[in-house]
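The values are calculated or read from the model by the stated rules, or taken from the named source; none is laboratory data. Quick caveat: nothing in here was measured; it's all calculated off a predicted structure. FYI the Cβ positions are ideal-geometry reconstructions off the backbone, even for glycines, and counts take in every protein chain you see.
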Amino acid sequence: MSQQLVDGRFHIGQVIDRGNMGEVHRAEDLHAPEGTPERAVAVKTILRHRTGTQIDTGGDTKAVQRFSREVRIMRRLRHPNLTRLVAGGIDEQAGGLPYLAMELLDGETLRDLIGEEAQLPVAWAAAIGAQIAAGLAAAHAAGVVHRDLKPANVMLTQGGTVKVLDFDMGSIADDPDQTQLTSTGVSVGTARYMAPEQCLAKQVTQAADLYALGCVLYEMLVGVPPFTSESAYELADRHVNQQPAPVCAIRREVPVELARLVERLLAKDPADRPADAVTVREALLPLAVPDAGASLLPHWGALHPTVPVREAAPAPASAPTAAADDDAEEPTAAQGPSAGAGMDVFGAHRALIKDYRSFTEGGTIIRDDRIAGFVEKDLDGKSQWPDPWLSLNPFFLVDGETYTSTLTPPPGHGPRHPA
């Protein structure tokens, strides 16, 4: 694009992706410290060139309004399974160019994974589905419906975290301009993954996203979407009137509970689908732990989606073992517990902070950028959760006097044994 600097902050580089309406560039955030990961970002703008010819976006006010709506949507969304917004707005110096700056993701799309591996291991499908559901739950809590969930809009990143991408087709529940930006009677979405109510251009709610998630789960398990056709009209008719082949009839090793969940997600009537995305996530989590003999897809090991799911899930309790010597003396209170029986309070502390942050970012809608910045800084500082030696042992004896963790010991004296 001819504009090399967006909003005086983002230095534009090569094109990463391009669609009918927009293009995404690798960019450099000049406000971020040099040498930090935050320096590299992805910047999405309205498509400025097609086949070498510059496009006049000034005359297409609806395209600008739709892009501006995506910026508003992204400002509402804060969750580990959604792309993190860096900045967004209108670059007046570029002729009113709307832009969206997001974290630069290192990974591959689910479309690429399915294209190479076809039927995914059950644990992978469940883990990917659970993370997609977590992202959708956060979006729905913010009043946003995606409306175009599909494998191309899902990315597996390094470490296994799954991200739901591209809310450019999304809708906002309380947006007064919503009806002005979508023509009456026009379906929005991708035909292979559209809910029956979308195909019929009826009111679309979060249940439509759950239907699309059912289509994605079906494709991960079976290797093809529930319905296929070269005709968009035929696809719409099948979504509305036909039932897909049962998952278990095509792939017998799929657990019955997973096959039933997919069947419920693909219900024609939105009222017959699961209550919400949280319910879907909770149903998928128990299935996201791979069996010992399950294929780990070695070429995709760095993107293993069950890793973050396993880290978030509590570890199963180990069975008690018989004592090696019945006459062995049990440790007394003075002796303390054996080294192997101790609790990893620092590991528990890290997990607690991670869970608290995920809960705060996923369950809180912050529309003021200043407040959002304050909350993020507060979470980064871990002010709610001090170090374990303070949290678990707040009373200390210094020179015969008792001090609590909220008081500063005299100079030259550190915390000692509890009083």
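Data for the structure
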read-out: Filter result for Ala63 (modelled with pLDDT of 90 or more and closer than 30 Å to Ile132 by Cα); value: no
read-out: Those residues of the stretch 104-136 which are surrounded by fewer than 24 Cβ atoms within 10 Å (Cβ to Cβ), small (Gly, Ala, Ser) and under 25 Å from Leu77 (Cβ atoms), in sequence order; value: Gly107
